[in-house]
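The values are calculated or read from the model by the stated rules, or taken from the named source; none is laboratory data. For clarity, every value in this text was computed on a predicted model and none was experimentally measured. Reconstructed Cβ throughout: ideal geometry from the backbone, glycine too, with neighbour counts over all protein chains shown.
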Amino acid sequence: MTFIKGDYTRSAVAIASAQELDRAWLASPAGRDGSGRYTPWMPFPLFDFIAMTAEALPDIQGPRFLEIGCGIGTRMLIAQEVFGLDVQGIDRVPEYLDEAAKLRMDVLEIDAMDFSEYGEYDLLWFNRPFLDPALQLLLEAKVWNEMRSGGVVMCANLEAKPPPTWWIVLDDWEVRRGIWRKP
């Protein structure tokens with residue numbers, strides 16, 4: 001068996017940076033619009049994200065990674081620096097995108113419901129961008145429909161599972177998260 005040797009220093013710096021930024025931004029009022037439509041920035045547990053990404057890797061067909069509701073870019077940083085993925089992110093909050101840009105992340109200011117390129121990615125990640133359950137269901141349906149065949153979706157805090165025809169990579173439904181591949 002051949003093992004790939006990575007740059008542990010680069011990974012360690014990325015993890016430490018993500019932890020520090022997550023802590024610093026937890027109390028930020030940015031993105032709290034009061035409409036009840038959008039979830040304020042809430043970072044998914046970092047090491048759970050790392051474990052889920054590692055679980056998804058054998059099932060993806062290429063390096064293109066998209067984070068829907070990327071916030072300040074810390075999960076994109078991990079996907080890029082620890083896993084070597086080609087990352088992009090979308091969010092609607094300029095302050096978040098400014099912080100992600102400081103990390104040199106490729107980000108686009110757009111509402112998740114207006115984005116039309118979900119099928120261009122090998123791995124999609126999202127952690128409940130919409131606070132409103134009806135809007136969240138609409139986003140989930142949009143992702144399930146637009147994702148290309150063979151694409152992998154990794155997500156948390158869902159309203160509903162993907163269609164039953166999708167292949168299960170990780171189904172952790174008790175906490176409403178998982179990884180699925182579109183047939």
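For the range 66-80, give me each residue that is assigned to a helix (DSSP H, G or I) and not polar (S, T, N, Q).
Pass one, the range 66-80, residues assigned to a helix (DSSP H, G or I): 74-80.
Matches in the range 66-80: 75, 76, 77, 78, 79.
Conditions first: (1) surrounded by fewer than 16 Cβ atoms within 10 Å (Cβ to Cβ); (2) within 15 Å of the chain's Cα centre (by Cα). Residue 92 passes all but one, so which condition is the exception?
Checking residue 92 against (1) surrounded by fewer than 16 Cβ atoms within 10 Å (Cβ to Cβ); (2) within 15 Å of the chain's Cα centre (by Cα), the one that fails is (1).
Could you list, in sequence order, all residues of the range 116-158 that are out of contact with any Lys or Arg (no Cβ under 6 Å at 6 or more places or on another chain) and under 19 Å from residue 45 (Cα atoms)?
Passing the criteria: 123, 124, 125, 126, 127, 128, 129, 130, 131, 153, 154, 155.
Quick one: residue 61 ticks every box in (1) polar (S, T, N, Q); (2) at pLDDT below 95; (3) in a loop (DSSP other than H, G, I, E, B) except a single one, so which number is it?
Failed condition: (2).
Of all residues in the range 154-166, how many are surrounded by 14 or more Cβ atoms within 10 Å (Cβ to Cβ) and either in a loop (DSSP other than H, G, I, E, B) or in contact with a Cys (Cβ under 7 Å, 6 or more places away or on another chain) (or both)? Outline the logic, then answer.
Here is the first cut: in the range 154-166, the ones surrounded by 14 or more Cβ atoms within 10 Å (Cβ to Cβ) are 154-159, 161-162, 166.
Remaining after also requiring either in a loop (DSSP other than H, G, I, E, B) or in contact with a Cys (Cβ under 7 Å, 6 or more places away or on another chain) (or both): 157-159, 161-162, 166.
Here the count works out to 6.
Can you tell me which residue within the range 167-183, out of those that are outside any strand (DSSP E or B) and more than 16 Å from the chain's Cα centre (by Cα), is surrounded by the most Cβ atoms within 10 Å (Cβ to Cβ)?
Within the range 167-183, the subset outside any strand (DSSP E or B) is 173-176, 182-183.
Filter again for more than 16 Å from the chain's Cα centre (by Cα), leaving 173-175, 182-183.
Details: 173: 10, 174: 6, 175: 10, 182: 20, 183: 9.
Filtering first and then ranking leaves 182.
Taking the range 129-153, which residues are in contact with a Gly (Cβ under 8 Å, 6 or more places away or on another chain) and surrounded by 18 or more Cβ atoms within 10 Å (Cβ to Cβ)? Break it down stepwise before answering.
Narrowing the range 129-153 to residues in contact with a Gly (Cβ under 8 Å, 6 or more places away or on another chain): 129, 131-132, 146-148, 151.
Across the range 129-153, the qualifying residues are 129, 147, 151.
Does residue 86 count as crowded, with 22+ Cβ neighbours inside 10 Å, charged (D, E, K, R) and either farther than 20 Å from residue 157 by Cα or touching a helix residue (DSSP H, G or I) at 6+ places or on another chain (Cβ under 6 Å) (or both)? If you could, list the steps in order and put the result at the bottom.
Details: crowded, with 22+ Cβ neighbours inside 10 Å: no; charged (D, E, K, R): yes; either farther than 20 Å from residue 157 by Cα or touching a helix residue (DSSP H, G or I) at 6+ places or on another chain (Cβ under 6 Å) (or both): yes.
So residue 86 does not fit the description; no.
Please indicate, with yes or no, whether at least one residue in the range 65-79 is surrounded by 15 or more Cβ atoms within 10 Å (Cβ to Cβ), charged (D, E, K, R) and at pLDDT 95 or above. Before you say what the answer is, go through the steps one by one.
Applying the first criterion (surrounded by 15 or more Cβ atoms within 10 Å (Cβ to Cβ)) to the range 65-79 yields 65-79.
Those still in the list that are charged (D, E, K, R) too: 67, 75.
If we keep only those that are at pLDDT 95 or above too, we end up with 67, 75.
Yes, the range 65-79 has at least one match.
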